[in-house]
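As structure tokens, the structure follows; a few thoughts come after it.
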Amino acid sequence: MDADPNKDIVTLKYSVPLSSSIYKHIRVEDNDDVQYFVKYNTDVIASKVTPLIASLKNIEGHGIGGCNGNVSIESSNDPAKFGVEHRNEVIGENETENGGNGFNWTDWVEDVNFESVENIVADLCEPSNEEEPYSAPKMHRHGDNNFEPSTVQCRQVQSEPSQQSISTGMHTSRIDLMHGQSLKQIDYGGDLCCINWEANFKVGRVFPNKVSLLKIISLAAIRGHFRLRTVQSGKRRLCVRCWQLPCPWQVRAYKIGLHDFRVVKYDPFHECDPRYVTSHHPQATTGLLSDSVNWRFKDSRTIYTPADIKKDVKTNFGVTISYATTWRSQELAFKTIRGSAEQSYSLFLSYCYELERINPKTLTYIEIDATDHFLYFFISIGACIRGFQSSMRPVIVVDATHLKCKHKGVLFVATAFDGNRNIYPIAFGIGDLETDAAWEWFLTKLHYAIGDCANLVVISDRNVSIQNGLKKVFPRATHGICCYHLKGNMKASFRLKQRDPILGYFVRAANSYRLGEFNRHFSMINNDRVRTYLVRAGLQKWSQAHCDGRRYNVMTTNIVESINLVLHFARMLLVVHLIDEITNMLLYWFSQRRDLARKFQSTLCPDLGEKKLRKRLDAASKMNVVKINDGEYDVLDGDMNGLVNLQNHSCTCMKFDLEQLPCKHAIAVCRHLKLNPDSLASSYYT
């Protein structure tokens, strides 16, 4: 058979016996295929390497020439020669029966440098009836008496467009065997057959760079459960084959332009032995997993742990990876999306500058040590400072929580209540630990931000460092401790049960407004050790009745704990992203509250002042009011009664004094005088 080497591509397909019952199929098309075939099959007897199929493909689209007959190779010491016994040969457009296009099989074999080939011939008879892992055609030596050649027909198909690569692969031709089974339907044993694992992975496809090409190839290998071997990898070319030999699966690409890589050859036929398929895959690398899951971490509130990654990879790909690999992939995904911790700290100065420029009167401070290492950070948004100074009750709750980023540390929080009893953050800080120096530095910057605040009350837990810092920075402020923390410490120290009556009496005593009411509840604590413990903790620090200032019924540090819970996921981020999450949180809260305030027409805030007054109005309507003078009224409620002084905004029940919101006795007086109770409420509730 003749062919023009400038117009046609000659392709051979071989079946290589690895053992008495196992065969591998490989295709030889160009010099690279020959070198690969010879390099990895030197231990195979040459007489058992027999071509199954010989086909021609026209490069320029003039048609495909094929052969119909026996394919044999005859050589000893002479150069290899291909001989074809013609049967019903298909002639191309520009060919003649005598081979008018001038192509010689001997010249082609010499070009590909096929050496040491014995006298062999292909027998394409039907497979043996014995069960084998691969249903490959049975091989015979030349000279077997029972040999009957099969007919191989190469039908003409439409060629690929001329602008694509000439190496489009054998899948462009349909090859029928004598027994009527097409190549695409041949099952080579087990559950593996000729499958294209990546449908869009075709000749001519362009990738933006080599890295993206390798990642897609790795994904195809993971989906197909086969390993890869890099045959050639350089700046301008890439060749990847299947790890098992002689599997024909391969991808070859060349660089075009500055960065793009174009696939010039792709063989989708994959014929690996299923015995070598394992649940572990070397292509499931940290980088590949990171690129596959990094989209899940764009939202800081997403919970996606390394265990979740491991489970999803096993479910979707059937690949088992170690926990360490999943953890590294998660860290790499975080770094890809948000950068490294070092970069985050290096951006601190620029970030603070922009934050102060965009938000007027915003205060930010960064403290570094002698070696220019980060120590502390403080931030207070200008809007938060102005709002606290003008409209908030002078009660600040402070606490700290741990950060979970690379360099750890603690997050300091100072917050208050607004007039609607919503959380109103004032300042945030970052430090190494809850030490005396760290708390003193944070409280100093907080004092500079809010200035001297009259009747200030600071609520915290029983942290000694906070107490020491308050004594130095806010000497005139009243310090109160969280009753919830004190209750927990008391229960743990004295092994009290959850529903112990002592705990109930303690809560009632702490929330009492009158000294008499406090004494009644405190006296019912029948454990002398507990009473001594509470007295040593300081009655003025946990009891409203003994407090030197007004706590405005703020008895715990729950508002800080609520912020810590809101920032649960943000505390895992790097510092710049953490501050960005905090500013976004404040922006969202203030925007919602502003829209809510525009909808209400009442003087007092609806969820606190207005709600409390309406609740007390029902009880006040049943009371009798006795006028003492123009400013004082005695209100009879049937219990302890109340003496109301409208001029001083006080009542003997102490609720009017400590909350600065009319109590039920004051509301009864307002009903008697036909006054609006809202006029007696503090501006903090408006």
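For the stretch 392-397, take each phi angle, set θ = phi - 60°, evaluate the Karplus expression 6.51 cos²θ - 1.76 cosθ + 1.60, and give the result in whole Hz per residue in order, putting x for glycine and proline.
Result, rounded to whole Hz: 9, 5, x, 10, 10, 10.
Across the stretch 404-418, in residue order, what do the Karplus-derived ³J(HN,Hα) couplings come to in whole Hz, using 6.51 cos²θ - 1.76 cosθ + 1.60 with θ = phi - 60° and x for Gly and Pro?
Karplus-based 3J(HN,Hα) across the stretch 404-418 equals 10, 7, 4, 8, 6, x, 10, 10, 8, 9, 10, 9, 9, 9, 8 Hz.
Among 515-522, 655-662, how do they line up by average Cβ neighbours within 10 Å per residue, starting with the highest?
Highest-to-lowest ranking by the protection proxy: 655-662, 515-522.
Search the structure for amide H atoms under 5 Å from the amide H of residue 608, placed 1.01 Å from N in the peptide plane, and list their residues when 5 or more places away or on another chain.
none
Ignoring ligands, DNA and RNA, what percent of the accessible area of the stretch 300-457 is carbon or sulfur (1.4 Å)?
Heavy-atom surface of the stretch 300-457 belonging to carbon and sulfur, 1.4 Å probe: 56 percent.
Return one whole number: the accessible area per residue of the stretch 210-356 in Å², for a 1.4 Å probe.
51 Å²
Of the peptides 563-570, 318-325, how do they stack up when ordered by the mean number of other Cβ atoms within 10 Å, highest first?
Descending mean neighbour count gives 563-570, 318-325.
Could you sort 222-234, 422-434 so that the peptide with the highest average Cβ count within 10 Å comes first and the rest follow in order?
Going by the mean number of other Cβ atoms within 10 Å, highest first, we get 422-434, 222-234.
Multiply the residue separation of residue 588 and residue 336 by 0.36 nm, subtract the distance between their alpha-carbon atoms, and state the gained length in nm to one decimal.
Fully extending the segment from residue 588 to residue 336 adds 88.0 nm.
Given R₀ = 35 Å, FRET efficiency for residue 432-residue 615 by Cβ-Cβ distance, to 0.05?
0.15
With a point put 7 Å past each Cα toward its Cβ, work out how far residue 498 is from residue 528 in nm, to one decimal.
Those two pseudo-labels are separated by 3.2 nm.
Please list, in order along the stretch 265-273, the HN-Hα scalar couplings obtained from phi with the Karplus expression 6.51 cos²θ - 1.76 cosθ + 1.60 (θ = phi - 60°), rounded to whole Hz, x for Gly and Pro.
With the stated coefficients, the stretch 265-273 comes to 8, 8, 10, x, 6, 10, 9, 6, 6 Hz.
What part of the accessible area of the stretch 525-626, given as a whole %, is carbon or sulfur when the probe is 1.4 angstrom?
Roughly 49 percent of what the probe reaches on the stretch 525-626 is carbon or sulfur.
Please express the Cα-Cα pair-distance distribution P(r) of the stretch 285-332 as a list of whole percents, one per 10 Å bin, running from 0 to the bin with the greatest distance.
All Cα pairs considered, the percentages come to 28, 62, 10.
Can you give me the long-range amide H partners of residue 399? Hydrogens built in the peptide plane at 1.01 Å from N, cutoff under 5 Å, separation of 5 or more residues or another chain.
413
Probe 1.4 Å, all protein chains in place: accessible area of residue 351 in Å², nearest 10?
Here the accessible area works out near 50 Å².
Roll a 1.4 Å probe over the protein chains and send me the accessible area per residue for the stretch 364-410 in Å².
With the other protein chains kept in place, the stretch 364-410 gives 44 Å² per residue.
Please give the length that would be gained between residue 320 and residue 402 if that part of the chain were fully extended, namely 0.36 nm times their separation in residues minus their C-alpha to C-alpha distance (nm, one decimal).
So the extension gain works out to 26.1 nm.
Which FRET efficiency, nearest 0.05, do residue 601 and residue 455 yield, Cβ-Cβ r, R0 30 Å?
In this case the efficiency is close to 0.45.
What spacing in nm lies between the two simple spin-label points modelled at residue 657 and residue 679, each 7 Å away from Cα in the Cβ direction?
2.5 nm
Working out 0.36 nm times the residue gap between residue 280 and residue 304, then minus their Cα-Cα distance, what length gain in nm do you get to one decimal?
6.4 nm
Express the accessible area of the stretch 458-513 per residue in Å², computed with a 1.4 Å probe while the remaining protein chains stay in the model.
53 Å²
What are the residues whose amide H is under 5 Å from the amide H of residue 225, where those residues sit 5 or more places off or on another chain and H is modelled from the backbone?
When sequence neighbours closer than 5 places are left aside, there are no close amide H contacts.
Among the listed pairs 202/335; 215/404; 215/298, give every one whose C-alpha distance is greater than 23 Å.
Table pairs above 23 Å Cα-Cα are 202/335; 215/404.
The values are calculated or read from the model by the stated rules, or taken from the named source; none is laboratory data. What you are looking at is a predicted structure, and each value in this text was computed from that prediction instead of being measured. Ideal geometry is used to build each Cβ from the backbone, glycine not excepted, and the neighbour counts take in all protein chains shown. Side chains included, ligands, DNA and RNA excluded: accessible areas come from the protein's heavy atoms. Shrake-Rupley method; radii C 1.70, N 1.55, O 1.52, S 1.80 Å.
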